[in-house]
1. Give the shape of the range 3-198 as rounded, prolate or oblate, defined through the alpha-carbon gyration tensor: a ≥ b ≥ c are the square roots of its eigenvalues, a/c under 1.5 means rounded, and otherwise the shape is prolate if a/b is larger than b/c and oblate if not.
2. Report the full-extension gain for the segment residue 340 to residue 281: residue separation times 0.36 nm, less the Cα-Cα distance, to one decimal in nm.
3. Tell me the mean residue ellipticity at 222 nm calculated for the chain from its helices only (DSSP H runs of n ≥ 4, each -39500 (n - 2.57), averaged over every residue, nearest 500).
4. Please label the shape of the range 71-149 as rounded, prolate or oblate, based on the square roots a ≥ b ≥ c of the eigenvalues of the alpha-carbon gyration tensor (a/c under 1.5 means rounded; beyond that, a/b larger than b/c means prolate, else oblate).
5. Tell me, 280, 289, 270 in order of fewest to most beta-carbon neighbours within 10 Å?
6. Going highest first, how would you order 358-364, 33-39 by mean Cβ packing within 10 Å?
7. Which residue, 121, 254, 182, tops the fluctuation ranking in a GNM of the chain built on C-alpha contacts under 10 Å?
8. How high is the relative contact order of the chain, in percent, counting Cα pairs under 8 Å that sit 6 or more residues apart?
C-alpha cells in the first residue's frame, strides 16, 4: 500500500471548509488493487489506525501520549484492497464518548443539511464528510449510536452492523461488547457495496423479510412532528415487506427506559475498565461534558451489577426470537431533528436520553441497524431505521437498497 503526499483532488480543502478534518488528517492512501470499490473515495474516523500515523481519538493528550500505528486497521486495509482511495482522517468526539459531535478541542463539523444544528456524534467528521461531498463513503464506529445518529441528522445512509461481524482490529475500543465498525454513504447502493467488502456471509437461513414490527413505545419517543413525517415511509415499508405487527417492545424487562438505563450502566462499566487506568494515571484534559461522563463511568464501575447483565440477556433473547423467520423492526432513528448548536444543557440531555432509548435497542441485543434518510422537519433531516436479526446484515442492506428506490422516488 502506498501513502501519497497529496490528494488528487480538493478533498482536503472541502474537509477543512466543513470543519471535519482531524489534526494532521491530511493523508491520502492509494488503492492496493482494483476491485468493486474502484473509483470511490472514503474518509477515516480518527479512531482507526493508519500506518505511520497516531490515531488521535479526538483528544490532544491521547494523541501526544500514543505511538504511530505499525499498520492500517483491518477495515482500512480491506477497503484499499477493494479499490477505494482514502482521502483523509476526520474528527471524532473525544474517545467516541458523545452523540453530539461537538469536540471541545477541535470544533464541530458542519451539518450541511442544517448548518445551525449539530452533526451528531461521535462519528461527526465522517458524516459531515459524506454529506458535504468530500468523499463517497466514510468509516465510523457505533457503540451507542455514533453512526446511526449522525447519519440521520445529516440526511445520509448509515449502518451499525451486527456486533462482532466486522473486524475491528486497529480501532480504539470504547466498550467492547457494544463497539462496532460502521459506515456512511449518500446512497443505499454504495452503502451495500461497502458491506460486500467488509461483511462476512449472512448466518442462518436466507429467509425473506415478511413481518414488520411497529413498536408503539419506540415511536412514542419521537417528537410528534418527526413521527408524523416518518409515517409515510413506515407505511411504504409495510406495503413493500409484509404485514405490520403492532406491539409494545419494552413490555418485558421493565420498559424501554429501563433498557436505556441497563445499557448505560453496562456500557459505562466497560468504558472505565477500558480507559480508567489511563485516565487516572495521565489525567488528560477533557471537555466538561466528556469529563463528566468519564466520572460517571468511574462511579458505575464501583457499583455492583444488580441484574443488568441478566436483563441484557433477556432482551437479546426476546429480540432474537421476535426477529427470527423474517422479522423486521422499524423505528425512528433519532427522537428529534438535530438540536441547535446553541442548545441548553437541559435540551442536550433530553435529546440524548430519548435518542439513546432508541439506539440502545440494537446495542443491547447486538443487532444490525440501517438508517435511511426519508423526510425533513423544519428543513432538517430525519431518518427511519430497519433492525434485523443478528447476522442478517447483507440481507438488511439489500432490503434497504430496494426500499430506498421506493421511498425516495
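Any read-out appearing in this document is the output of simple, stated calculations on the displayed coordinates, not a laboratory observation. All values derive from a computational prediction rather than experimental measurement. Quick reminder, even Gly has a Cβ in these numbers, built from the backbone with ideal geometry, and neighbours come from all protein chains shown.
1. Working: a/c = 1.15, a/b = 1.10, b/c = 1.05.
Rounded, since a/c falls under 1.5.
2. Length gained, residue 340 through residue 281: 17.6 nm.
3. -12500 deg cm²/dmol
4. Note, shape of the range 71-149 comes out prolate.
5. Listed from fewest to most nearby Cβ atoms, that is 280, 289, 270.
6. Packing order, densest peptide first, comes out as 358-364, 33-39.
7. The residue with the greatest mean-square fluctuation here is 254.
8. Relative contact order for the chain comes out at 18 percent.
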